[in-house]
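Structure first, then comments.
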Amino acid sequence: MNITGNTIFIPGATSGIGLALALRLQAAGNTVVIGGRRSDVLQRLALEHGLSTVTIDTTDPASVLAARDQVLAEHADLNVLIAMAGVMDAEDVRGAGFLALAERIVETNINGPLRLVAAFIEHLQARPAATLITVSSGLAHTPLAHTPTYNGTKAFIHRYSETIRMQLAGTSVQVIELVPPAVQTELMPGNSVNEHFMPLDAFTDEVMALLDAQPDAQEILVDTVKFLRFAEVEGRYPAAVAALNPAA
């Protein structure tokens, strides 16, 4: 992926990592379209930053297709999709009441990216050079005890990314998996001020530097996430799980 000169759509970019990346990519010389469910937030971000916006709810198939049609009508040169939207919640599976929450997480974190890929993949393959960026997590490789469904959805994204990369080999579409560590955002309440998490600006700086230095990258791994990403393959898995889950 070239770091400049693209037209990029990022659903789920009204806050956190998505918005931070949108602003960095815009500053790098890209046209960036952000998507989200709240039209008032989108309007504010458009006024503040000059970003193009589209309303989208990735849990709603019709909304994804309508957003696709709007984005391509206004930006026919779109060549990068970053499937950013995701939710994270703590769960307790010791009672059946967790199911509704787990299903909501799956609907957003798995079905949402699937709908986005299905909506845009034909267009991306028609571009001379295109990129699909998926977003997993270090927790796909070393689990956090309090978030079982989130961990599982991100493990799905990791394996799905590896597999569609094989299927898209020989096409114009590059598949890059972005693997964040714990970053200071409000993905869960209070995370944005957790001193043990990676500052958002530092994370975004490193991601942009890696994208620039590794145009053929398959995974974007900031140094902080490697403790989780490679725990099992490096024979550190039990110790990494214990370090991540001291109470357990």
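Among Ser39, Ser161, a tally of other beta-carbon atoms within 10 Å of each Cβ gives an order, fewest to most, of Ser39, Ser161. Residues whose amide H falls under 5 Å from that of Ile3, counting only those 5 or more places apart or on a different chain, are absent, with hydrogens built in the peptide plane. Expressed as an acute angle from 0 to 90° and rounded to the nearest 10, what is the orientation of the C-alpha long axis of helix 61-74 relative to the principal long axis of the chain? Its long axis makes an angle of about 40 degrees. When the Cα positions of Pro215, Thr131, Ala102 are compared along the charge dipole of the chain, Ala102 comes out farthest toward the positive end, with charges on each C-beta of Lys, Arg, Asp and Glu.
Given N residues in the chain, what is its alpha carbon radius of gyration divided by 2.2 N^0.38 Å?
Working it through for the chain, the quotient is 0.98.
Amide hydrogen proximity for Gln184: with H placed 1.01 Å from N in the peptide plane, the residues at 5 or more positions away or on another chain lying under 5 Å are Met198, Leu200. Rounded to the nearest Hz, the phi-derived 3J(HN,Hα) couplings of region 160-173 under the Karplus curve 6.51 cos²θ - 1.76 cosθ + 1.60 (θ = phi - 60°) are 4, 4, 4, 6, 5, 4, 5, 5, 8, 4, x, 9, 7, 9, where x marks glycine and proline.
Only the Cβ atoms of Lys and Arg (+1) and of Asp and Glu (-1) were treated as charged; on that basis the dipole of the chain about its Cα centre amounts to roughly 280 debye. 222 nm [θ] for the chain, helices only, -39500 (n - 2.57) per DSSP H run of 4+, per residue, to 500? Only helices count here, giving -13000 deg cm²/dmol. When Thr204, Thr163, Thr171, Thr58 are sorted by how many other C-beta atoms sit within 10 angstrom of their C-beta, beginning with the fewest, the order is Thr163, Thr171, Thr204, Thr58.
Among Ala62, Ala231, Ala96, the largest mean-square fluctuation in a Gaussian network model of the chain, built with springs joining Cα atoms closer than 10 Å, belongs to Ala96. Going by neighbour counts of Cβ atoms within 10 Å, the residues Lys226, Lys154 line up, fewest first, as Lys226, Lys154.
Hull volume per residue, based on the alpha-carbon atoms of region 139-218 and their convex hull, is 104 Å³. Taking the inverse of the mean reciprocal distance over all distinct Cα pairs, the Kirkwood hydrodynamic radius of region 1-98 comes to 14.2 Å. Only alpha carbons enter this Debye calculation for region 58-155, each as an equal point scatterer, and the log10 of I(q)/I(0) it gives at q = 0.24 Å⁻¹ is -1.19. To the nearest ten degrees, helix 16-27 and the longest principal axis of the Cα atoms of the chain are 40 degrees apart.
Read-outs throughout are calculated quantities, based only on the coordinates presented, and are distinct from any laboratory measurement. Computed from a predicted structure; not experimentally measured. Positions of Cβ are generated from backbone atoms using ideal geometry, with glycine treated the same way; all protein chains shown enter the neighbour counts.
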